Amino acid sequence: MNLLSVQDLQTHFIFRDIDHQLREAKALNKVNLTLNSGQVLGIVGETGAGKSLTAQSICGLLRPPAKIVGGSVTFQGRELLTLSEDEINTIRGAEIAMVVQNPRSSLDPLTQIGAQLVRLHQTHTGGPLAGSRKKALDMMQAVGIPDPEGRFTAWPHELSGGMAQRVLIAMALINEPKLLIADEPTTGLDVTVQAQILDLLNELVARFDMGCMIITHDLGIVAHYCDQVAVMFAGEIVEQGPTREVFLTPAHPYTQQLLAATPERLQLGVKSQLGGQPPDLFNLPTGCLSQDRCTLATEKCGAPPPLIEISKGHLARCHFVKPAEKGRSKSNE
Amino acid sequence: MSELVLSTKNLSKRFPVGRSGSFVNAVNGVDLSIKRGEVLGMVGESGSGKSTIGRTILRLTDPSDGEITFDGQDITTLPTKLIRPMRKDMQMVFQDPWSALNPRMKIGDLIAEPLRIHFNMSRSECNDRTEVLAERVRLSADFLNRTPSALSGGQLQRVCIARAIATNPKLIVLDEPTSSLDLSVRAGILELLQELRAETQAAFLFISHDLGTIKLISDRIAVLYLGRVVEEVPKDKLFSDPSHPYTQSLLSAHLPSDPNETLQRLTLQGEIPSPINLPTGCSFHTRCPVAINSCQSNVPEADEISPGHLVSCLRLKDGQNIIRRDLK
Amino acid sequence: MTGRSPSNLWTMARLGNRIRGISRLSPTATAGVIIILLFGVLALFSDMFMPHDPVSSFTDRILQPPSAQHWFGTDGNGMDVFSRVIYGAKFGFGIAIPAVIIAVLIGVPVGLIAGYRGGLLDEVLMRIFDGLRVFPSIILALAVVAATGQSLLNVVLVLGFLDSPVFARLVRSEVLALRSSIFVESAIAAGNPTWRILFLHLLPNSIQGAMAQTAVRAAWAVRISATLAFLGVGIQAPTPEWGAMIRQGAEFMVSGQWWVAIFPGIALILLVFGLNLFGDGIQDILDPRRRVSK
């Protein structure tokens, strides 16, 4: 059984616009994901691809006008989408934890960090206060905060960005979650600090045998820290599979474009095939969503592209991808 | 000498902290020079003073110390009145294109603005030139009548670049021009800049925190740490022969998108010290894995270890500056 | 539109909610507009509505109560109160509109310069304006009009000057926030001279709050000018100005000839009320600080 399994997840934005018209934007279009314990899954894509929305949908953090209109999210065999707010609250923060971007604004500015950790532990795990305090100090130690005793009474504003992110990770891990979702955990941090934080995350995933989902736009992070990768475009996963395979033999034209645009591979002077706007989420084209910016696109792309398994676990959603072995392709309409 | 567009000597900038009497030492004695047609990359983490240097060079903020020579003229203390006409020759592109453009002006007017200020052009001449500029940065002429809110980040950055090249400046400071853009959009902007540098022969000062981007476009790269240039290195030697311990650690933290490139992790301890109380001696000594006692008291001078490759490290002479041999 | 990505979708939806709530004027503000339009029509085309000449006396019909011939009765000079009330709308608008324009013309540039330059200049200008504001405006207006001569023009000038701090302060606070924004720095880097920065870049981005105040300030000007006239400063009887008419009629109140003062009083209250209603509605739309989600 997978730790987390997301099937055909569809999230739409439904609201009335300035002219009173009911608008519906298809922000997530049948997202399928699986994640196992001890595994790090990277979700990459550009702005607006629906990366963060996927995480929010999984955690039940959506608020109107965003609404899940279809699909299922099973966590340890349990369906999350039908749970009540109270039920999901007992899971979120305990079994599923989130680390978000911009750590400083995610901390309660009026509470010392030690107290914040203790409070979180008390809420979900309970037990004697002294136990929570011990756990908090252990966690601070584990995330590499020097002098945990001294920092226990520090205020959030006294922390640097990197230190605040460590505190946030400590908060995420204090109840020993099974699943950690990190949404752009190092965006805004310096590269030398980013390296520290990512090394730490990797180590903790192994130590606690968690499943970890890292949402990022940085392909370098995925290349070096994720076992699996899912490439998102316009609310759809266009390609997924083991990181090395996807990065070394990208199958979907969009993945190829994205990789070609990284500074290491980018060749200035050679006209790239990049560009074009992502499709209008209010009015999605029928068929392949990236047909407008794809150089391979033909009339064929007006039909929904099949999901093709190139090799074990490596899937791409494109008409032009050839399965490695015959008879293993399956279409997914 | 006329080839030299910009040079600074001992450039420093301090900002007072409230009324406490202490200062943020953002830039501390920087010597730089950029030639015509050259791209000088400037890389550093937050707090390294790279943006402040860019703004000080353009006299958007006044230097506290040192000299700035632009196009053979000392502009360090030139009054604003005399700087203003010179802005024709020195332009800037900012990091965040969403907030760098007046939200209430039309794109066409925004591009034409430098022309209207610096040239005596008839309206039709100005319009023609605006259209040429828009086409040059590959921006559809349909956008000229729109306001910035109708454009995407990449398109807005193209508008900013069109503004910057409108007057054929001799120097363009680009402050993280691609950092807030998506990967595929970023590639297009970098391609455009590459074409423009060849075409305009302007000197570029390209500021970035991303080593990959900076290597792609720069001829030389200055590595900054706490407002000082610790290493100045020709582009091909940045990855092959980084000689300052800080440059080496920066490179080791860089994540290339190729999973086959093995990481040689050299994680620095701690974080960048506060620029209010600069460390004595070499400002990197608090985090440097090869620091010795004399690093705490002596400020290292820049040594030219090969043509155009300058390194400021006391451990250069005894050969102990290389923290990991296998980095090479 | 670039609003295709989820992050933009959040904003779009929020904006939709917010603007939808206020894009149309609220019912009370609409009532304000109707009142203002009504008086506007009366002021512009008063000749069409006045049954009699507002300043010619019917010497035989002094202090007559409302009747079919004189709907609002006649005053102590035998003049038709109805015609005078209608004609008075001309003074209401004729004073308020130029006074507000003058206040904007003085206040906005001062606010722009004070906010952009900052330092000592800002300090001095703001202290002067503070001084103007703490002093009861009616007393100041009284003194200045009395000193400079009693003419309609002087009343307009004094009111405009006295009200300029309101606009200066609003614009200044906006400019203070915008001064260090990137687009202003970008404008400086492009080589814009100061006047262009002030009027092309800062003005269009800082004027909304001030514009939102104009209707409310017009109401203030109507009220103060009427008060001045009531106190006998500026406009004198028998000019058909509401304040002056109320002053004239006040002495007859005790003797039971209420119609002389009451009708111009009602007209005055209605116009001030209408301007305030409209001003409140317009502030909800224009003033960024009042844009709270409803």
- Task: Take B:Y246 and decide whether it is buried (at least 18 other Cβ atoms within 10 Å of the Cβ) and in contact (Cβ under 8 Å) with a residue 60 or more places away in the chain.
- Result: no
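Do the conditions hold for B:C282, that is, is it farther than 26 Å from A:I221 by Cα and either out of contact with any strand residue (DSSP E or B) (no Cβ under 9 Å at 6 or more places or on another chain) or buried (at least 17 other Cβ atoms within 10 Å of the Cβ) (or both)? Break it down stepwise before answering.
Values: farther than 26 Å from A:I221 by Cα: yes; either out of contact with any strand residue (DSSP E or B) (no Cβ under 9 Å at 6 or more places or on another chain) or buried (at least 17 other Cβ atoms within 10 Å of the Cβ) (or both): yes.
Judged against the criteria, B:C282 is a match.
Given the residues A:Q141, A:Q122, which is the only one that is more than 14 Å from chain C (Cβ to nearest Cβ) and at pLDDT 85 or above?
Just a single option satisfies the conditions, and that option is A:Q122.
This table checks each residue for (1) within 27 Å of C:M79 (Cβ to Cβ); (2) not basic (K, R).
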residue	(1), (2)
C:F135	no, yes
C:T148	no, yes
C:L159	yes, yes
C:S173	no, yes
C:S186	no, yes
C:A190	no, yes
C:R217	no, no
C:S225	yes, yes
C:T239	yes, yes
- Go through region A:199-209 and give me each residue that's more than 14 Å from every other protein chain (Cβ to nearest Cβ) and either within 29 Å of B:D182 (Cα to Cα) or modelled with pLDDT of 90 or more (or both). A:V205
- Task: Answer yes or no as to whether B:A134 is assigned to a helix (DSSP H, G or I) and either under 24 Å from B:R55 (Cα atoms) or within 14 Å of chain C (Cβ to nearest Cβ) (or both).
- Result: no
- Task: Would you mention how many residues in region B:65-96 are surrounded by 17 or more Cβ atoms within 10 Å (Cβ to Cβ) and more than 17 Å from B:L6 (Cβ to Cβ)?
- Result: 4
- Query: Using beta carbons and a limit of 6 Å, which pairs, at least six apart or on different chains, have the first residue in region A:177-199 and over 23 Å from A:L3 (Cβ atoms) and touching a residue at least 60 places away in the same chain (Cβ under 8 Å) and the second one part of a loop (DSSP other than H, G, I, E, B) and of a type outside the set (D, E)?
  - Reply: A:T187/A:Q101
- Item | Counted residues, region A:177-190 - those being within 11 Å of another protein chain (Cβ to nearest Cβ) and surrounded by fewer than 21 Cβ atoms within 10 Å (Cβ to Cβ) | 2
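Taking region A:115-133, which residues are more than 17 Å from A:Q165 (Cβ to Cβ) and surrounded by 14 or more Cβ atoms within 10 Å (Cβ to Cβ)? Spell out the reasoning first.
So in region A:115-133, the residues more than 17 Å from A:Q165 (Cβ to Cβ) come out as A:115, A:118-119, A:121-133.
Result: A:A115, A:V118, A:R119, A:H121, A:Q122, A:T123, A:H124, A:T125, A:G131, A:S132, A:R133.
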- Note on the structure: Considering only strands (runs of 3 or more DSSP E) wholly within region A:1-63, the ones with at least 2 residues that are within 14 Å of another protein chain (Cβ to nearest Cβ) and at positive phi are none
- Considering every residue within region B:285-300, establish whether at least one is in a helix (DSSP H, G or I), more than 21 Å from B:K50 (Cα to Cα), within 21 Å of the chain's Cα centre (by Cα) and free of Cβ contacts under 8 Å to residues at least 12 places away in the same chain. no
- With respect to the numbered conditions (1) out of contact with any helix residue (DSSP H, G or I) (no Cβ under 6 Å at 6 or more places or on another chain); (2) closer than 28 Å to C:P54 by Cα, which one is the sole condition not fulfilled by C:R117? (2)
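Only one residue in C:A177, C:A210, C:A190 is buried (at least 17 other Cβ atoms within 10 Å of the Cβ) and closer than 27 Å to C:Q283 by Cα. Which one?
On the way: C:A177 fails: buried (at least 17 other Cβ atoms within 10 Å of the Cβ); C:A190 fails: closer than 27 Å to C:Q283 by Cα.
Result of the check over C:A177, C:A210, C:A190: C:A210.
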- Would you please name the residue that is farthest from A:N202 (Cα to Cα), looking only at residues in region B:266-292 that are within 12 Å of chain A (Cβ to nearest Cβ) and in contact with a helix residue (DSSP H, G or I) (Cβ under 6 Å, 6 or more places away or on another chain)? B:F284
- Matching residues in region C:197-215 - criterion: being facing another protein chain (nearest Cβ under 7 Å) and touching a helix residue (DSSP H, G or I) at 6+ places or on another chain (Cβ under 7 Å): C:H201, C:N205
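What residue, among those in region B:163-205 that are charged (D, E, K, R) and touching a residue at least 60 places away in the same chain (Cβ under 8 Å), is farthest from B:S48 (Cα to Cα)?
To start, the set of residues in region B:163-205 that are charged (D, E, K, R) comprises B:163, B:170, B:175-176, B:182, B:186, B:191, B:195, B:197, B:199.
Right, trim to touching a residue at least 60 places away in the same chain (Cβ under 8 Å) and you get B:163, B:170, B:175-176, B:197.
Details: B:R163: 28, B:K170: 26, B:D175: 13, B:E176: 14, B:R197: 26 Å.
The selected residue is B:R163.
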- Message: Take the conditions crowded, with 19+ Cβ neighbours inside 10 Å and within 24 Å of A:L200 (Cβ to Cβ) and apply them to A:S106. Does it pass?
- Response: no
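Might you check whether a residue that is under 30 Å from B:M92 (Cα atoms) and among the aromatic types (F, W, Y) occurs anywhere in region C:191-206?
Yes, there is a match, as at least one residue in region C:191-206 is under 30 Å from B:M92 (Cα atoms) and among the aromatic types (F, W, Y).
If you go through region A:64-81 one residue at a time, how many are closer than 19 Å to A:A25 by Cα and in a strand (DSSP E or B)?
Of the residues in region A:64-81, the ones closer than 19 Å to A:A25 by Cα are A:64-71.
Narrowing the set further to residues that are in a strand (DSSP E or B) leaves A:66-71.
Qualifying residue count for the region: 6.
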- Query: If you check C:R24, C:R18, which single one turns out to be surrounded by fewer than 16 Cβ atoms within 10 Å (Cβ to Cβ), in a loop (DSSP other than H, G, I, E, B) and at pLDDT below 80?
  - Reply: C:R24
- Note on the structure: Reported set for region A:251-262 where residues are buried (at least 21 other Cβ atoms within 10 Å of the Cβ) and more than 7 Å from chain B (Cβ to nearest Cβ) is A:A251, A:H252, A:P253, A:Y254, A:T255
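The values are calculated or read from the model by the stated rules, or taken from the named source; none is laboratory data. Source: prediction; values computed, not measured. Every residue, glycine among them, receives a Cβ derived from its backbone with ideal geometry; neighbour counts consider all protein chains shown.
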